[in-house]
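Take a look at the structure below.
The values are calculated or read from the model by the stated rules, or taken from the named source; none is laboratory data. The structure displayed is predicted, hence computed values, not measured ones. Ideal geometry is used to build each Cβ from the backbone, glycine not excepted, and the neighbour counts take in all protein chains shown.
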Amino acid sequence: MIYEFRTYDLKPRAVPEFEETFAKLLPERETFSPLGGIWHTEAGPLNQVIMIWPYEDLNHREEVRANVNWASKWPESTARIIENMNSEIYTPATFMEPLGQKAIGPLYEIRIYAYPPGGIPTTLEAWGKVIEERTKFSPLAGAWYSESGNLNKWVHLWAYESFEQRLKVREDTRLKGVWPPTGTIPPLKQESKLLFPASCSPMQ
């Protein structure tokens, strides 16, 4: 299984229009393959939409995209409100549960770490030992490492009930020694974005 992350940087105040257009076309698009989830940023880089599409492999992705472009109106033109588009392919961690119809938010935090070469296997091993205990505090929506583009990237998506719960969980897990995992290589760079799901997202 692979996951394609598609990130759209939009013009200011264009997120509602983009999500409304997306929602209208989603049922037809999902006849070819399911959507993992779609969110917009609340903190971090603003006016950004992130959608995640799961595929069996790269061949499946190419087959789906070819069929979609031939058979449907996807994507409807939103060029006038898009400033930039980015696509990245990620492989899921073995302990990650598949994306799908879930109500575990509504607040999500996506954290993007860059590691030195060799850092990803160490991170996967360290996380695998303690992730069960960590998810007793709040759900892990997803965890992936980069397969193309900028390598040695580690992306994890957490779900929270509110901003207040996020702060409490982060403090509680630190004080109790649950998180962060021990034995990991320090990341070279860390980035965080707070997200809310679009109304049409299967992940809520």
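Before moving on, here are some points about what is shown:
- Breaking point among (1) under 22 Å from residue 31 (Cα atoms); (2) hydrophobic (A, V, I, L, M, F, W, C); (3) free of Cβ contacts under 8 Å to residues at least 40 places away in the same chain, for residue 124: (1)
A quick yes/no check of all residues on (1) under 28 Å from residue 33 (Cα atoms); (2) in contact with a helix residue (DSSP H, G or I) (Cβ under 9 Å, 6 or more places away or on another chain); (3) exposed (fewer than 14 other Cβ atoms within 10 Å of the Cβ):
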| residue | (1), (2), (3) |
| --- | --- |
| 69 | yes, no, yes |
| 79 | yes, no, yes |
| 83 | yes, no, yes |
| 88 | yes, no, no |
| 112 | yes, no, no |
| 130 | no, no, no |
| 143 | yes, yes, no |
| 154 | yes, yes, no |
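- Failed item, numbered, when residue 77 is tested on (1) in contact with a Pro (Cβ under 6 Å, 6 or more places away or on another chain); (2) under 21 Å from residue 200 (Cβ atoms): (1)
- Residue within segment 23-39 that is of a type in the set (A, V, I, L, M), assigned to a helix (DSSP H, G or I) and farther than 27 Å from residue 156 by Cβ present: yes
- Breaking point among (1) within 20 Å of the chain's Cα centre (by Cα); (2) modelled with pLDDT of 95 or more, for residue 171: (1)
- Segment 15-44 residues that are more than 16 Å from residue 82 (Cα to Cα), paired with ones that are acidic (Asp, Glu) and assigned to a loop (DSSP other than H, G, I, E, B) (beta carbon under 6 Å, 6 or more apart): 25/76
- Qualifying positions in segment 40-54 - in a strand (DSSP E or B), crowded, with 17+ Cβ neighbours inside 10 Å and not hydrophobic (A, V, I, L, M, F, W, C): 40, 41, 48, 54
- Positions within segment 163-204 being at positive phi and either surrounded by 14 or more Cβ atoms within 10 Å (Cβ to Cβ) or in contact (Cβ under 8 Å) with a residue 40 or more places away in the chain (or both), in sequence order: 183
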